[in-house]
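Novice: Take a look at this one; I'll ask things after.
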Amino acid sequence: MNIRYFYIVLFCLALILSGCVGLASNVLEQLQPTPEPTVPPVATRADDQNAEATPFPTAIGGVGDAPLLFISNRSKDGATDMYQINPDGSGLGRLTDDPAIESHPRWSPDRSRIAFVSNHTGLDQIYLMSATDYQLTQLTDLPSGATGLTWSPDSTRIAFVETEPESGAILIVDTETGAEVSRHPVQLQGLANLAWSPLGQLIVFSALVEGQDDIRDIFSLNLRDDMLINLTLRAGDDDRPAWSPNGRQIAFQTDRDGDFDIFIMQANGALQTPLTLNFADDLDPHWSADGSLIAFSSNRDDQYNLYIMSANGSDAHVLAPFAANDSQPNWPPLLQTVVDQLIFAGGIFEDTHNLFFVSAAGSAEIQLTQTTADDTTPVWSPDGDKIVFASNREGNYELYLVNLDEKDEPRRLTESEGPDLHPDWSPDGKQIAFESIGESGNWDVWVIDADGSNLQNLTNTPDADDGNPAWSPDGQHLVFSSNRAGTFDLYLLSADGAENVERLTSSDGNEVYPSWSPDGQTIVFRAESESDGNHQLFIMTRDGQSVRPLFKSQYNDDQPVWSPDGRRIAFASDRASSDSQLGIGNYTIFIYNLRTGILERVTQGTRDASYPAWRPRSSRQTP
């Protein structure tokens, strides 16, 4: 295990408790219960679509089980409207009937609504269509118009750009009220075609290259700090970015090789690779919900038709060819999917670590903190809007709090003479437990109110080290690790500070890093293997009975944490994998599925990653 904080004699025993492995960042969001599916009416057939236009963009079709949305002028009147079609070419139907021009059709992530742009009023504005009763509402009414829309991952907000002026800002509005939530200045011309990342932290879009009137690049905007990065930075016109469902890749269109083709790249802009190479124009890529297919529009048959290909560019085939122009396909998301999110501590250098987000699917890692100090042991608030962590950014290890809805720097919560580490939030969000060295020179379990007030020492054992507190789901107890009997064992403490302490484990090794199952019946922890001394994961009932290994391995596994759905355990490990560098000793984050027995690696690359923490299910799910 890579322990690095306190090799001073005073802190040697404490290291077993704090065990500060290299930090890393993980953003994992939680799987939600599958909602009841609705079965809407069958859409109007395409050959019956010449209804008289009405004064308002009118919904005339239904939304099937999993149709693609697209824009077409295939009706008899030649109007540019929104259509649907199933991936097998069936279920073709017209969804709007209006002499105006519709564009940018976008399913909401919860599949309850469809957003699109229409110039019915003379200016492009954003409209919403219900997926159950097909009622239309106008979301924006801006004097300059709105376009380039994209949904937030939780379906509560829409981001877009004002049509005029061409430079300015990305606007985010509430989809229920239309009220502006935030505005993000971007000093670029011609912002267009926004795409919100599955983790909610980034928006990618295209914009004109400085000094060019017709050359575009794809940019990434971090919504927390408004940091802007040019992802493509190549000769050619790059546009229409689309995220893969797991957030690892971005598909886009580019004419860098003469005509427009579909390319993909990593979320950071690396490995820009063509999927199509031909003499036609291939445009408007969009991923299927499982990430296996990409729909796009191409004029390889003279007019623009919809095509579908595998995500590696193979097996491209036309979908419902017609003597008209079909474009802008948009695949519906999986109905029940909300991205599982983790935060973790990570870094390249031994004593410099920051906090990162990552999804359980192993999406691109998103950095939360930026410091040359050591940010470690992060944990979410019960509402998922805040994170408390330990850091030595001001010299001593203290607790800091960061509010994900604000752009302020982390706020310091504690001011102790000794180091404060391993915080854990009470289930009601009112208190934070942590470990700290007291006046006796030994570690104790302490609690403070969430605002940093009302500090209390719960253990106060001068001759022992107590730490790694973990709050029970009912808020009545804390399980913690202590060497009061010689080696580190797990103990149960009443959260009200009562002196009765119950010993749960008794072994010759050290048991640390306890984590409760969501139902409060089981505890997972790390202990030494009796056979080889490696750090292994064990589980037991809450009364300390039925102790057994989670699984057996020859590696060091550490810092286990239970997922909010109770089905998985995330942990840090130095185990080698096919794409890791052998022999460097770095830790990476893994997830073990208790039902299937499948072990999956979450973090990639050479960055050391440790202290994973799941985002609560009750949170809004976007950092």
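The values are calculated or read from the model by the stated rules, or taken from the named source; none is laboratory data. Keep in mind that this is a model prediction, so the values were computed, not measured. Glycine also receives a Cβ, built like all others from the backbone with ideal geometry; neighbour counts cover every protein chain displayed.
Novice: Can you pull out the residues in region 153-181 that are more than 24 Å from Asp217 (Cβ to Cβ) and among the polar types (S, T, N, Q)?
Specialist: Once the filter is applied, which keeps residues that are more than 24 Å from Asp217 (Cβ to Cβ) and among the polar types (S, T, N, Q), region 153-181 yields Ser155, Thr156, Thr175, Thr177.
Novice: Within region 201-229, take every residue that is more than 21 Å from the chain's Cα centre (by Cα) and assigned to a strand (DSSP E or B) and give me the one that is surrounded by the fewest Cβ atoms within 10 Å (Cβ to Cβ).
Specialist: In this case the residue turns out to be Leu208.
Novice: Among the residues that make up region 488-495, is at least one of them surrounded by 18 or more Cβ atoms within 10 Å (Cβ to Cβ), assigned by TED's automatic domain parsing to the domain that holds Ala609 and polar (S, T, N, Q)?
Specialist: No, every residue in region 488-495 fails to be surrounded by 18 or more Cβ atoms within 10 Å (Cβ to Cβ), assigned by TED's automatic domain parsing to the domain that holds Ala609 and polar (S, T, N, Q).
Novice: On the basis of being assigned by TED's automatic domain parsing to the domain that holds Ile172, surrounded by fewer than 19 Cβ atoms within 10 Å (Cβ to Cβ) and hydroxyl-bearing (Ser, Thr, Tyr), does Thr96 make the cut?
Specialist: no
Novice: While we're looking at this one, here's another question. With the checklist (1) in contact (Cβ under 8 Å) with a residue 40 or more places away in the chain; (2) closer than 15 Å to Ile387 by Cβ; (3) assigned to a strand (DSSP E or B) in hand, flag the one item Glu435 doesn't pass.
Specialist: Glu435 satisfies all of (1) in contact (Cβ under 8 Å) with a residue 40 or more places away in the chain; (2) closer than 15 Å to Ile387 by Cβ; (3) assigned to a strand (DSSP E or B) except (2).
Novice: Give the residues of region 265-305 that are farther than 16 Å from Trp243 by Cβ, of a type in the set (A, V, I, L, M) and in contact with a Phe, Trp or Tyr (Cβ under 6 Å, 6 or more places away or on another chain), sorted by residue number.
Specialist: Leu283
Novice: Within region 154-172, is there a residue that is charged (D, E, K, R), closer than 20 Å to Gln328 by Cα, outside any strand (DSSP E or B) and not assigned by TED's automatic domain parsing to the domain that holds Glu406?
Specialist: Within region 154-172 (the criterion being charged (D, E, K, R), closer than 20 Å to Gln328 by Cα, outside any strand (DSSP E or B) and not assigned by TED's automatic domain parsing to the domain that holds Glu406), the answer is no, since none of the residues qualifies.
Novice: Assuming Glu350 fulfils every condition listed in (1) in the same structural domain as Pro67 (by TED's automatic domain parsing); (2) surrounded by fewer than 17 Cβ atoms within 10 Å (Cβ to Cβ) apart from one, which condition is it?
Specialist: (1)
Novice: Turning to a different aspect of this structure: On the given criteria, is Gly247 assigned to a loop (DSSP other than H, G, I, E, B) and within 17 Å of Ala364 (Cβ to Cβ)?
Specialist: Answer is yes for this residue.
Novice: Quickly run through region 438-457 and pick out the residues that are charged (D, E, K, R) and in a loop (DSSP other than H, G, I, E, B).
Specialist: Hits for region 438-457 are Glu439, Asp451.
Novice: Say we look at region 97-150 and pick out the residues that are assigned to a strand (DSSP E or B), touching a residue at least 24 places away in the same chain (Cβ under 8 Å) and of a type in the set (Val, Ile, Thr); which of these is farthest from Pro285 (Cα to Cα)?
Specialist: Ile126
Novice: From the list Ser297, Ser327, Ser363, which one is among the hydroxyl-bearing types (Ser, Thr, Tyr), part of a loop (DSSP other than H, G, I, E, B), within 28 Å of Leu149 (Cβ to Cβ) and touching a residue at least 12 places away in the same chain (Cβ under 8 Å)?
Specialist: Ser363
Novice: Taking Glu511 and the conditions (1) surrounded by 15 or more Cβ atoms within 10 Å (Cβ to Cβ); (2) within 32 Å of the chain's Cα centre (by Cα); (3) farther than 17 Å from Gly467 by Cβ; (4) not β-branched (Val, Ile, Thr), which numbered condition does it fall short on, given that it satisfies the others?
Specialist: (3)
Novice: Still on this structure, please answer the following. Counting only residues that are among the acidic types (Asp, Glu) and in contact with a strand residue (DSSP E or B) (Cβ under 9 Å, 6 or more places away or on another chain), which one in region 531-563 is farthest from Ser481 (Cα to Cα)?
Specialist: Asp557
Novice: Now a separate question. Only one of Asn230, Asn268 is without any contact (Cβ under 8 Å) to a residue 60 or more places away in the chain and in the same structural domain as Trp107 (by TED's automatic domain parsing); which?
Specialist: Asn230
Novice: Considering only residues that are under 24 Å from Pro616 (Cα atoms), of a type in the set (S, T, N, Q) and free of Cβ contacts under 8 Å to residues at least 24 places away in the same chain, look in region 385-430 and name the one that is surrounded by the fewest Cβ atoms within 10 Å (Cβ to Cβ).
Specialist: Asn403
Novice: Of all residues in region 249-286, count the ones that are at pLDDT below 95, hydrophobic (A, V, I, L, M, F, W, C) and closer than 22 Å to Trp107 by Cβ.
Specialist: Summing the residues that are at pLDDT below 95, hydrophobic (A, V, I, L, M, F, W, C) and closer than 22 Å to Trp107 by Cβ in region 249-286 gives 1.
Novice: Moving on. Name the residues in region 240-249 that are surrounded by fewer than 21 Cβ atoms within 10 Å (Cβ to Cβ) and either within 12 Å of Gln189 (Cα to Cα) or of a type outside the set (S, T, N, Q) (or both), would you?
Specialist: Arg248
Novice: Follow-up. Can you name the number of the only condition in (1) assigned to a strand (DSSP E or B); (2) out of contact with any Leu (no Cβ under 7 Å at 6 or more places or on another chain); (3) within 14 Å of Arg615 (Cβ to Cβ) that Val388 fails?
Specialist: Unmet for Val388, out of (1) assigned to a strand (DSSP E or B); (2) out of contact with any Leu (no Cβ under 7 Å at 6 or more places or on another chain); (3) within 14 Å of Arg615 (Cβ to Cβ): (2).
Novice: May I ask you to verify whether Leu191 is within 25 Å of Pro332 (Cα to Cα) and modelled with pLDDT under 90?
Specialist: No.
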